[in-house]
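I have placed the structure first, in the form of structure tokens, so that the comments after it can refer back to it.
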Amino acid sequence: VGAKKDYKMKKIVLFGMALGLAGCFNSSYDSIDNTMVFFDFDSARISESADKKLTDVAKFMKLNPDKDIVIEGHCDERGSTEYNLALGALRAGNAKHVIIKERIEPERITTISYGKERPQFQGTGEKVWSLNRNATIRLKD
């Protein structure tokens, strides 16, 4: 009777561990659509937190070889249109480089810069500006 009880307990523990691992795995990789990484003012430097998110994007792409992405570069409303288009392109390109470094084929990744022309968050001031300084990952249809 004691051996049966131990066996049942081991099954329950192992099942719980499997559910926990599945939950961790799925929460990271369910969808990468609309993933955003953020940048400091006047910068295209990839931060540690952005690097981790982009590495997660690469992991998703490894598990889903049929999925391609577009990386959109965005800027806040300050500065000229030309400057922000260039900065947005640099942000998207740097994000792409991180994903390629994780052995994702470059042809699966398209970049586009919207500069300040398509703000994702409306308003003015540092809180809104900081949200609009990003690279956004979109799944291609």
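Details
- Counted residues, segment 55-87 - those being open to solvent by less than 20 Å² (accessible area, probe 1.4 Å) and among the polar types (S, T, N, Q): 1
- Of residues in segment 88-121 being aliphatic (A, V, I, L, M) and outside any strand (DSSP E or B), the one surrounded by the most Cβ atoms within 10 Å (Cβ to Cβ): 95
- Cβ-Cβ under 6 Å pairs, at least 6 apart or on other chains, segment 116-127 side on the phi < 0 side of the Ramachandran plot, far side surrounded by 13 or more Cβ atoms within 10 Å (Cβ to Cβ) and charged (D, E, K, R): 116/77
- When residues in segment 39-54 are screened for being surrounded by fewer than 20 Cβ atoms within 10 Å (Cβ to Cβ), touching a residue at least 40 places away in the same chain (Cβ under 8 Å) and under 13 Å from the mean Cα position of the chain (by Cα), 2 of them pass.
- Cross-chain or 6+ apart pairs with Cβ under 6 Å, segment 56-82 first and within 22 Å of residue 140 (Cα to Cα), then of a type in the set (Asp, Glu) and at pLDDT 95 or above: 58/102
- Verdict on residue 124 being open to solvent by 70 Å² or more (accessible area, probe 1.4 Å), of a type in the set (Val, Ile, Thr) and more than 19 Å from residue 51 (Cβ to Cβ): yes
- Complete set of residues in segment 127-141 that are basic (Lys, Arg) and either assigned to a helix (DSSP H, G or I) or surrounded by fewer than 15 Cβ atoms within 10 Å (Cβ to Cβ) (or both): 127, 140
The values are calculated or read from the model by the stated rules, or taken from the named source; none is laboratory data. Bear in mind that the values here come from a model prediction, so they are computed numbers and not experimental data. Reconstructed Cβ throughout: ideal geometry from the backbone, glycine too, with neighbour counts over all protein chains shown. Surface accessibility is based on the protein's heavy atoms, side chains included, excluding ligands, DNA and RNA. Shrake-Rupley method; radii C 1.70, N 1.55, O 1.52, S 1.80 Å.
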